[in-house]
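Before any comments, here is the structure.
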Amino acid sequence: MKRDAISPAPSGGFLERTFQLAEHGTSVRTELLAGLTTFLTMAYIVFVNPSILADAGMPRGAVFVATCLVAALGSLIMGLYANYPIALAPGMGLNAYFTYVVVQGLGFAWPAALGAVFISGLCFLIVTLTGLRAIIVDGIPRSMRIAITAGIGLFLAIIALKNAGIVAASPATFVTLGDLHRPGTVLAVIGFLMVAVLSARKVRAALLSSILTVTALSFAVAGNGFQGIVSLPPSITPTLFALDIPGALSGGLLNVILVLFLVELFDATGTLMGVANRAGLLTEGRMRRLDRALMADSVSVFAGSLLGTSSTTAYLESASGVEEGGRTGLTAVTVAVLFLACLFFAPLAAAVPLYATAPALFYVACLMLRELADLDWDDRTEVIPACVTALLMPFTYSIATGVSCGFITYAVLKLFAGRAREVKPVVWVIAAIFLFKFVAVGGAH
């Protein structure tokens, strides 16, 4: 499509000056549509996150407000400061780790766990301000960057299939085919076929059309219904500044802080690179405003612990908005506004079921796998670590585990293949840290 056909904002306008819409070949309408699409694919977090953290003993209403606020704050900073179409919110894997490992498993009170999130976020902020995090990212080999993108696609796929009910848990085979007779699963399949057909026909709003259509059908055939439209937000007082930093500094939580820091570092970095690559915003494999994106991510982790929620991260679901044409921070700002609206329209936002957003996520996952074609398949020392990285992300349900195992494999293969000189110093350091973590702590989670 030619740039003049997109009808960008007039030269010199506020939105044009802020987001450089014409330079990115986009328009206000496209960005707003992309932001709405991203929001619809990740809006589930405002309901799932309070449910998970409630299992840790945290007040559900306060966590709901904290989730909306930190998602809005993080996405707003990402949009206005970094100008990327990437939204942020509390991470799914990180909230599960917070509740089921730190609180229920290790027996720490949730204020101490919040303190651990605060300290890890502070460390996160320091390495970002000093430029250390950017150095770490620059040291990632090209094959690993490709693997991170493809692995995120696979991870996104298993999330989508699970949300759609197409795959289910099995004691014999771990995963198996779900019940295809369930109305929600049938609607998810219809939604995916709709996305694929509309996309093949070059319909710009393919993903959003699928989400809205499946949601509408869910009222008729799947028993979905409104619980109301407008409600006042609950009080955030029970979790606001309730973190216990001295409790977090106790011996048992030092390892927790390390794990949180490493997971935040590579989950967020992997997602930022993957989504930016999908949007065509990488220059020679690098993000031009990486430092600003990292700052937005770091501040969000820090703020989330103060408000009362587990670690915040860049969201994979941002790829759905990118697929709808989102290329600037206006997409992220749109997401931020919608999260703020969730504070008052929570019952309405809840009307979009997970199986309505699953088709869009699965479609985007399919497209992200094409990155694997760019690997040098004749170089086993590059391909094998890349495949380890990509495959372990979905099979361990953790981006961090895939990245850590990939780096360790990369360093070992290069060393014993007699090609150690090809490895940058930062890769040796990262591999050594992850290896120590696996031995001393027992894994990435």
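The values are calculated or read from the model by the stated rules, or taken from the named source; none is laboratory data. This one's a predicted model, so the numbers in the text were calculated from it and none came from an experiment. Please note: Cβ atoms are built from the backbone with ideal geometry, for glycine as well, and neighbour counts cover all protein chains shown. Side chains included, ligands, DNA and RNA excluded: accessible areas come from the protein's heavy atoms. Shrake-Rupley method; radii C 1.70, N 1.55, O 1.52, S 1.80 Å.
Do we have THR30 as of a type in the set (Val, Ile, Thr), open to solvent by 10 Å² or more (accessible area, probe 1.4 Å) and free of Cβ contacts under 8 Å to residues at least 12 places away in the same chain here? It would help to see each step written out before you state the result.
Values: of a type in the set (Val, Ile, Thr): yes; open to solvent by 10 Å² or more (accessible area, probe 1.4 Å): yes; free of Cβ contacts under 8 Å to residues at least 12 places away in the same chain: no.
The answer is no for THR30.
Taking region 355-413, which residues are outside any helix (DSSP H, G or I) and more than 29 Å from VAL214 (Cβ to Cβ)? If you could, list the steps in order and put the result at the bottom.
Going residue by residue through region 355-413, those that are outside any helix (DSSP H, G or I) are 375-379, 397-398.
If the condition is that a residue be outside any helix (DSSP H, G or I) and more than 29 Å from VAL214 (Cβ to Cβ), then LEU375, ASP376, TRP377, ASP378, ASP379 are the ones that fit.
Annotation: of all residues in region 207-224 being in contact (Cβ under 8 Å) with a residue 40 or more places away in the chain and among the small types (Gly, Ala, Ser), the one that is most open to solvent (accessible area, probe 1.4 Å) is GLY223.
Scanning region 72-90 for residues that are of a type in the set (Gly, Ala, Ser) and in a helix (DSSP H, G or I) turns up ALA72, GLY74, SER75, GLY79, ALA82.
When THR409 is tested against (1) free of Cβ contacts under 8 Å to residues at least 60 places away in the same chain; (2) of a type outside the set (Asp, Glu); (3) out of contact with any Pro (no Cβ under 7 Å at 6 or more places or on another chain), just one condition goes unmet, and that condition is (3).
To keep it simple, each residue is scored yes or no on (1) under 26 Å from LEU243 (Cα atoms); (2) at pLDDT below 85; (3) part of a loop (DSSP other than H, G, I, E, B).
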site	(1), (2), (3)
ASN277	no, yes, no
ALA303	yes, no, no
THR309	yes, no, yes
THR313	yes, no, no
ARG327	no, no, yes
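Quick check on LEU340: is it out of contact with any Gly (no Cβ under 9 Å at 6 or more places or on another chain), open to solvent by less than 10 Å² (accessible area, probe 1.4 Å) and either modelled with pLDDT under 85 or part of a helix (DSSP H, G or I) (or both)? Full working, then the answer.
Numbers: out of contact with any Gly (no Cβ under 9 Å at 6 or more places or on another chain): yes; open to solvent by less than 10 Å² (accessible area, probe 1.4 Å): no; either modelled with pLDDT under 85 or part of a helix (DSSP H, G or I) (or both): yes.
No; evaluated as a whole, the condition is false for this residue.
Just one residue in the set VAL299, VAL230, VAL259 is of a type in the set (Val, Ile, Thr), more than 25 Å from LEU361 (Cβ to Cβ) and open to solvent by 60 Å² or more (accessible area, probe 1.4 Å); that residue is VAL230. Is there a residue being open to solvent by 30 Å² or more (accessible area, probe 1.4 Å), within 16 Å of PHE108 (Cα to Cα) and modelled with pLDDT of 80 or more anywhere in region 248-255? Looking for residues that are open to solvent by 30 Å² or more (accessible area, probe 1.4 Å), within 16 Å of PHE108 (Cα to Cα) and modelled with pLDDT of 80 or more, one finds at least one in region 248-255, hence yes.
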